[in-house]
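The structure under discussion is supplied below as structure tokens; questions concerning it will follow.
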Amino acid sequence: MNGASAGAGGEAPLVYQAWKGNNVFFLRGRFIFGPDARSLFVTMFLIIAPVSIFCVFVAKGLMNDFSYGLGLPVMVAAVVFTAYDMSLLLLTSARDPGIIPRNAHPPEPEGFEGNAEVGANQTPPLRLPRVKDVVVNGITVKTKYCDTCMLYRPPRCSHCSICNNCVERFDHHCPWVGQCIGLRNYRFFYMFVFSTTLLCLYVFGFCWVYIIKIRDAEQITIWKAMAKTPASIALVVYTFIAVWFVGGLSVFHLYLMSTNQTTYENFRYRYDQRANPYNRGVVENIKEIFFTPIPVSRNNFGARVPQDQGLRPRSTNGFMSPNMGRAVGDIEMGRKPVAWDEPRMAAEIGDLGGLGNLLEDKDGRFRNVSPDLSRDALAVGGLDEQGSSAMNPPRTSWGVEAGR
């Protein structure tokens, strides 16, 4: 049930029903996944299938063919370890990674004081700064304005073009878990990758144990012993290849944690060539990841959307988006840039009721443009406050389904 149908009876929809990101929700917003959540089934299959083969052909063989009491504990340990690995996978992919809620309206420009020195029918030429300087541990870092979420991103925050959300301490979007990796699930992501590495080594090691026991029991060569258990050979090859991926990823993220970097920062900023304002030493960096409380989610997906959400009148200060005057089309969202003069020209022609907010692209789809465009166009047209209030109220990205 979507937000429109939920609100048809006069009752506001739930937050997850009116959500503008590309996420997928289950159980009334209790579980949140990325738009590529189907990849979870592939990941689960790549883990569960080899472990099942291991239990049936290797652990069971150790239990039936050799009276050492080894097979049953090996099988139980493999099943328990796999269940633990799956729980870490779900903790990574089914939780809010640290999404910052969108603003219903752009922020007011700082330092603006009413309509001083501006006529009654004039709009002051204010512009939101594209970046702001923030001091972190004595080092100045720049925070950017997000046109999609209409907010200044906190330090270490970035906008994920796949999920269409701003995520705190954004690391990367992982297609294998179908979710962004950020402030609230990075710990579980690393534990999942590391435990998968250990599981690969576990299966790899006991496959060789089984092969060696066959060799010793039948007094044959290692090659003939390997031929007697093709499942062990297949698992040895599979886990040998897999461990290079998950093992290498574990080592890489161990380095990132020890230096307090994210994957995004490592590739974008190269802190080995400049000061890292977040590095507090190896011990403190590791403690920050594993031994600090996980922040509470900023979003209550099961709550009702506030009645005035998107309906509050904005002040007619006439500020402009940071992208006003340049080609715009949220680069992070991979959209085709649109020149700002196109909707302005359309507004001057007379279609002020809709083109101030929506622009149709070549494919026939509608794209969201700046919430200030309609007001800017009205100012160009010289309409007074009474005339502008008769027009449709300005719409924001809150009113348009993102990616739907």
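The values are calculated or read from the model by the stated rules, or taken from the named source; none is laboratory data. A quick note: this is a predicted structure, and the numbers were derived from the prediction, not measured. Note that we place each Cβ from the backbone using ideal geometry, even for glycine, and neighbour counts take in every protein chain shown. Please note that ligands, DNA and RNA were not included when accessible areas were found on the heavy atoms of the full protein model with its side chains. Shrake-Rupley method; radii C 1.70, N 1.55, O 1.52, S 1.80 Å.
Residue check, L72 against (1) open to solvent by 80 Å² or more (accessible area, probe 1.4 Å); (2) under 20 Å from the mean Cα position of the chain (by Cα), all met but one. Which one?
Condition not satisfied by L72: (2).
So, one more: Restricting the search to the range 188-208, which residues are hydroxyl-bearing (S, T, Y) and open to solvent by 10 Å² or more (accessible area, probe 1.4 Å)?
The initial filter retains those residues of the range 188-208 that are hydroxyl-bearing (S, T, Y), namely 190, 195-197, 202.
Within the range 188-208, Y190, T196, T197, Y202 qualify.
Is it true that some residue in the range 254-273 is surrounded by 14 or more Cβ atoms within 10 Å (Cβ to Cβ), within 30 Å of L70 (Cα to Cα) and of a type outside the set (A, V, I, L, M, F, W, C)?
no
Of the residues that make up the range 133-141, is at least one among the charged types (D, E, K, R) and assigned to a loop (DSSP other than H, G, I, E, B)?
The initial filter retains those residues of the range 133-141 that are among the charged types (D, E, K, R), namely 133.
Going one step further and asking which of them are assigned to a loop (DSSP other than H, G, I, E, B), we end up with none.
Checked against the condition, which is being among the charged types (D, E, K, R) and assigned to a loop (DSSP other than H, G, I, E, B), the range 133-141 yields no hits at all.
Still on this structure: Right, R184: of a type in the set (D, E, K, R) and not in a helix (DSSP H, G or I) or not? Even if it seems obvious, please write down each step before you answer.
Working: of a type in the set (D, E, K, R): yes; not in a helix (DSSP H, G or I): yes.
For R184, the condition - of a type in the set (D, E, K, R) and not in a helix (DSSP H, G or I) - is met.
Would you mind telling me which numbered condition in (1) crowded, with 18+ Cβ neighbours inside 10 Å; (2) among the hydrophobic types (A, V, I, L, M, F, W, C); (3) modelled with pLDDT of 95 or more V251 fails?
Going through the list (1) crowded, with 18+ Cβ neighbours inside 10 Å; (2) among the hydrophobic types (A, V, I, L, M, F, W, C); (3) modelled with pLDDT of 95 or more, V251 breaks only (1).
Report yes if E168 is touching a strand residue (DSSP E or B) at 6+ places or on another chain (Cβ under 7 Å), among the charged types (D, E, K, R) and open to solvent by 30 Å² or more (accessible area, probe 1.4 Å), otherwise no. Break it down into steps so the answer makes sense when it comes.
Numbers: touching a strand residue (DSSP E or B) at 6+ places or on another chain (Cβ under 7 Å): yes; among the charged types (D, E, K, R): yes; open to solvent by 30 Å² or more (accessible area, probe 1.4 Å): yes.
It is true that E168 is touching a strand residue (DSSP E or B) at 6+ places or on another chain (Cβ under 7 Å), among the charged types (D, E, K, R) and open to solvent by 30 Å² or more (accessible area, probe 1.4 Å).
Could you please give the count of residues in the range 222-280 that are farther than 28 Å from G61 by Cα and part of a loop (DSSP other than H, G, I, E, B)?
12
Could you grab me the full set of residues in the range 167-181 that are part of a strand (DSSP E or B) and over 23 Å from I139 (Cα atoms)? Quick ask: steps written out before the conclusion?
Keep residues of the range 167-181 that are part of a strand (DSSP E or B), which gives 167, 172-174, 179-181.
Hits for the range 167-181 are H172, H173, C174, Q179, C180, I181.
So is V135 without any contact (Cβ under 8 Å) to a residue 24 or more places away in the chain and either more than 11 Å from the chain's Cα centre (by Cα) or open to solvent by 10 Å² or more (accessible area, probe 1.4 Å) (or both) or not?
yes
Oh, and also: Is it fair to say I211 is touching a residue at least 60 places away in the same chain (Cβ under 8 Å), over 21 Å from N276 (Cα atoms) and surrounded by fewer than 22 Cβ atoms within 10 Å (Cβ to Cβ)?
Working: touching a residue at least 60 places away in the same chain (Cβ under 8 Å): no; over 21 Å from N276 (Cα atoms): yes; surrounded by fewer than 22 Cβ atoms within 10 Å (Cβ to Cβ): yes.
Taking the combined requirement at face value, the residue does not satisfy it.
Would you pick out the residues in the range 174-187 that are surrounded by 22 or more Cβ atoms within 10 Å (Cβ to Cβ) and out of contact with any Asp or Glu (no Cβ under 7 Å at 6 or more places or on another chain)?
Scanning the range 174-187 gives C174, V177, Q179, C180, N185.
Which pairs have Cβ atoms under 7 Å, sit 6 or more apart or on different chains, and link a residue in the range 279-305 that is under 23 Å from L91 (Cβ atoms) to one that is loosely packed, with under 12 Cβ neighbours inside 10 Å?
G302/R28
Same structure again: Please go through the range 95-148 and pick out each residue that is at pLDDT 85 or above and among the basic types (K, R).
R95, R102, K132, K142, K144
Hey, another quick one. Using the structure shown, decide if Y84 is at pLDDT below 90 and of a type in the set (F, W, Y). Quick ask: steps written out before the conclusion?
Values: at pLDDT below 90: no; of a type in the set (F, W, Y): yes.
So Y84 does not fit the description; no.
For the range 209-221, which residues satisfy the criterion of being assigned to a helix (DSSP H, G or I) and either farther than 18 Å from V76 by Cα or among the acidic types (D, E) (or both)? Steps first, please.
If we filter the range 209-221 for residues that are assigned to a helix (DSSP H, G or I), which is where we start, we get 209-218.
Scanning the range 209-221 gives I211, I212, K213, I214, R215, D216, A217, E218.
In this structure, does T197 turn out to be without any contact (Cβ under 8 Å) to a residue 60 or more places away in the chain, within 30 Å of L40 (Cα to Cα) and of a type in the set (S, T, N, Q)? Reasoning before the result, please.
Values: without any contact (Cβ under 8 Å) to a residue 60 or more places away in the chain: yes; within 30 Å of L40 (Cα to Cα): yes; of a type in the set (S, T, N, Q): yes.
Yes; evaluated as a whole, the condition is true for this residue.
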